[in-house]
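> Here it is: the structure, laid out below.
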Amino acid sequence: MNKPVRFGIIGSGWRASCYLTLAQKHPQQFQVTGLWIRNPSKYQNLIDKWKLPVYSSIESLAADSDFVVLAVSKDAAVSLLLELSALKIPVLAETPTAATLPDYERLLPIAGSTSIQVAEQYPLHPHHQARTAFIQAGLLGQVCHVQASVAHGYHGISLIRKWLSVSELSCEITARRLEVPIMDFTYRGKEAEDTLKMEQQDIAIMVFPSGKSAVLDFTRSQYFSPLRTNRVLIRGSHGEIRDNDIVRRLGTDETEYLQVKRIQGGQEGSLESLALYELRAGQQCLFRNPFHPSPLSDEEIAMAQSLLNMSEYLQSGISSYSLSDALKDVRLSLAIEEALTLGCTVTLQ
């Protein structure tokens, strides 16, 4: 049996707790070596709950770990990334790596750092991995247009660039911010009021020099309200993927219709755990869960995959999502925000 991936955590917030929970659920593959917290006295409850050692320095935590996970606030992330890069400590950084244009520019000099990978989880969600596998098998032909309404800003852009196979930063962006009504809904323990509220809907059209294009459409309530669902449209020369429905050309007079099916245990008469096994479209397996039969959510599967990808990167040098990738997505996200604020087309060269 392979040794578990051993990682330390820098941080004490909600995302750090997600990694601690994940390691607890899957101890055969993941082990948290300890924490580094700038002010441990403020987080005694967290320390007591997880019964983990708290290290006095980042260097000592890194010495006992394969790598460290940076899970701090966006305001603290940039300075710590610069420090970790200077120390050449392997780090898997949570997003966003930068939240403002000055922060983005501070990180540009280390964009090519070989010690930093970024935990962008959305491309690693099972259904998104399945869509990517179908595209990369060439079954849609040339993918030229994507509409993504699954995540905000840099998260949504990471999916768009992956599905379009776009590596350049150059882009022309037009965007609008709308006000739309929605009923309140209980979220993270906050009781909902029986009232109608207003929320922002951001819609951006992106056109790349290659002629490829995308629409990023998102409202924040999609993260927590059942009243707002996600949508995906990926158009290629030989067909398209619309959410979990696939249509593609087989010949001049023949068309294939497929549906991505979720194969999961623990349902009806199954005595297995409630865990995802695989995603299939017809006879093709597009995604097989490497963590089955652990009952992980799709978000946890994506986080776990990012940890495995980091471990693989340190052994093989094969990058999954580099700091350079993350900074491109951040810069495009900042350009969209600029287009929304100014109400005009923004062009990145």
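> How large, in percent, is the carbon and sulfur part of the accessible surface of the chain at a probe radius of 1.4 Å?
The C+S portion of the solvent-accessible surface of the chain is 51 percent.
> Here's something else I'd like to know. What base-10 log of the normalised intensity I(q)/I(0) is obtained for the chain from the Debye formula, alpha carbons as equal point scatterers, at q = 0.08, 0.12, 0.13 Å⁻¹?
-0.43, -1.00, -1.17
> Let me ask you something else. Probe of 1.4 angstrom, ligands and nucleic acids ignored: what's the accessible area per residue over region 151-202, in square angstrom?
Accessible area per residue, region 151-202: 55 Å².
> Could I ask something else about it? When DSSP assigns beta bridges and you keep just the ones with both residues in the chain, what percent turn out antiparallel, to the nearest 5?
That works out to approximately 75 percent antiparallel.
> Here is a further query. Can you give the accessible area per residue of region 1-143, in Å², using a 1.4 Å probe? All intermediate terms of the calculation are to be shown ahead of the outcome.
Details: 6520 Å² over 143 residues.
Here the residues of region 1-143 average 46 Å² of exposed surface.
> Quick check on region 21-145: what does the Kirkwood estimate of hydrodynamic radius come out to from the alpha carbon pairs, in Å?
Numbers: mean 1/r = 0.0587 Å⁻¹.
In region 21-145 this quantity evaluates to 17.0 Å.
> Right, something else. How many percent of Cα pairs in region 258-301 exceed 12 Å?
The calculated P(r) of region 258-301 puts 59 percent of pairs beyond 12 Å.
> Please list, in chain and number order, the residues 5+ apart from ILE89 or on another chain whose amide H is under 5 Å from its amide H, with Hs placed from the backbone.
none
> Rounded, prolate or oblate: which fits region 69-120 when a ≥ b ≥ c are the square roots of the eigenvalues of the alpha-carbon gyration tensor, with rounded for a/c under 1.5 and prolate only if a/b beats b/c?
In terms of gyration-tensor shape, oblate.
> Further question: Classify region 17-71: rounded, prolate or oblate, from the alpha-carbon gyration tensor (a ≥ b ≥ c, eigenvalue square roots; a/c under 1.5 rounded; otherwise prolate if a/b is larger than b/c)?
Verdict is oblate for region 17-71.
> Highest mean first, how do 261-274, 166-179 rank when packing is the count of other Cβ atoms within 10 Å averaged over residues?
With the highest mean Cβ count within 10 Å placed first, the list reads 166-179, 261-274.
> On to the next question. Rounded to the nearest whole Å², what accessible area per residue is found for region 205-254 with the 1.4 Å probe?
Result: 55 Å² of accessible area for each residue.
> In nanometres, what is the gap between the two model label sites at SER79 and TYR257, each 7 Å from Cα along Cα-to-Cβ?
Once both label points are built, they end up 5.9 nm from each other.
> Expressed as a whole number of Å, what is the distance separating the alpha-carbon centroids of region 198-240 and region 275-293?
Result: 25 Å between the Cα centres.
The values are calculated or read from the model by the stated rules, or taken from the named source; none is laboratory data. Predicted model, so just to flag it, every value in this text is computed and none were measured. Cβ: placed from backbone, ideal geometry, glycine included. Neighbour counts: every protein chain shown. Accessible surface areas use protein heavy atoms only, side chains included; no ligands, DNA or RNA. Shrake-Rupley method; radii C 1.70, N 1.55, O 1.52, S 1.80 Å.
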